[in-house]
Amino acid sequence: MKLDEYKSKRDFSKTREPDGSGTKESPQQFQFVIQKHDASHLHYDFRLEIDGVLKSWAVPKGVPLESNIKRLAVQTEDHPLDYINFEGEIPKGQYGAGTVHIVDSGNFTLHSHDLKKIEFELAGSTYFGKYVLIHTSENNWLMFRKKEA
Ligand code: MN
């Protein structure tokens, strides 16, 4: 199952994070979220709805707003769709313990998607425009915003 790794890391009797049993409210729209995650190391979780789950990356320095910046994005396990609304505290002792705060969310258009490259256009309130994720090695990707034509 797609979410096995996600579920195996968490005890849902102890954390309020979604357990993966939820359903999506508007299935015709694809959504993204950026969550500031103040855990053992502060990072930003970037999640794109692809193939019925949230494909996820931890971006230590945050999603770039400008086109001349490349950021490391480390792919993490797929998350359930309703994680898009999750904010709050992950209890001590639980995987990812700390606080989660939504920085931005909204719809996006998926332009292309394969194992090496994902091209998409965000339509959030702070983060918008065309972006690219390029696979480099293992779980490592590079993320950047494309220059406007
Ligand atoms: Mn995280």
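The values are calculated or read from the model by the stated rules, or taken from the named source; none is laboratory data. The structure displayed is predicted, hence computed values, not measured ones. Here the Cβ is made from the backbone with ideal geometry for all residues, glycine too, and neighbour counts use every protein chain on show.
Please indicate, with yes or no, whether at least one residue in region 97-109 is free of Cβ contacts under 8 Å to residues at least 60 places away in the same chain and either farther than 29 Å from ASP11 by Cα or within 16 Å of the ligand (Cβ to nearest atom) (or both).
yes
Quick one: how many residues across region 75-93 are part of a strand (DSSP E or B), of a type in the set (D, E, K, R) and over 22 Å from GLY52 (Cβ atoms)?
Count: 1.
Listed here are the residues, each with its yes/no results for (1) out of contact with any Gly (no Cβ under 6 Å at 6 or more places or on another chain); (2) aliphatic (A, V, I, L, M); (3) in a loop (DSSP other than H, G, I, E, B).
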site: LYS36; (1), (2), (3): yes, no, no
site: ASP45; (1), (2), (3): yes, no, no
site: ASN68; (1), (2), (3): yes, no, yes
site: ALA73; (1), (2), (3): yes, yes, no
site: TYR95; (1), (2), (3): yes, no, yes
site: THR109; (1), (2), (3): yes, no, no
site: ILE118; (1), (2), (3): yes, yes, no
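Of the conditions (1) away from the ligand (no atom under 15 Å from the Cβ); (2) more than 22 Å from GLY22 (Cα to Cα), ALA58 satisfies every one except a single condition; which number is it?
(1)
Given VAL53, VAL74, which one is β-branched (Val, Ile, Thr), surrounded by 13 or more Cβ atoms within 10 Å (Cβ to Cβ) and either over 23 Å from GLU121 (Cβ atoms) or within 14 Å of the ligand (Cβ to nearest atom) (or both)?
After applying the criteria, what remains is VAL74.
Yes or no: region 81-100 includes at least one residue that is of a type in the set (A, V, I, L, M, F, W, C), surrounded by fewer than 18 Cβ atoms within 10 Å (Cβ to Cβ) and within 14 Å of the chain's Cα centre (by Cα).
No, region 81-100 has no match at all.
Please specify each residue of region 45-71 satisfying the condition of being touching a His at 6+ places or on another chain (Cβ under 7 Å) and not aliphatic (A, V, I, L, M).
Result: ASP45, ARG47, SER56, PRO60.
Do we have ASP45 as at negative phi, surrounded by 13 or more Cβ atoms within 10 Å (Cβ to Cβ) and either more than 15 Å from the ligand (Cβ to nearest atom) or among the small types (Gly, Ala, Ser) (or both) here? Spell out the reasoning first.
Numbers: at negative phi: yes; surrounded by 13 or more Cβ atoms within 10 Å (Cβ to Cβ): yes; either more than 15 Å from the ligand (Cβ to nearest atom) or among the small types (Gly, Ala, Ser) (or both): no.
No, not satisfied.
Report, by residue number, each residue of region 111-149 that is touching a residue at least 24 places away in the same chain (Cβ under 8 Å) and either surrounded by fewer than 14 Cβ atoms within 10 Å (Cβ to Cβ) or polar (S, T, N, Q) (or both).
Within region 111-149, THR126, ASN139, ASN140, LEU142, LYS146, LYS147, GLU148 qualify.
Is it the case, given these coordinates, that ALA149 is among the small types (Gly, Ala, Ser) and either within 25 Å of PRO18 (Cα to Cα) or modelled with pLDDT of 95 or more (or both)?
Answer is no for this residue.
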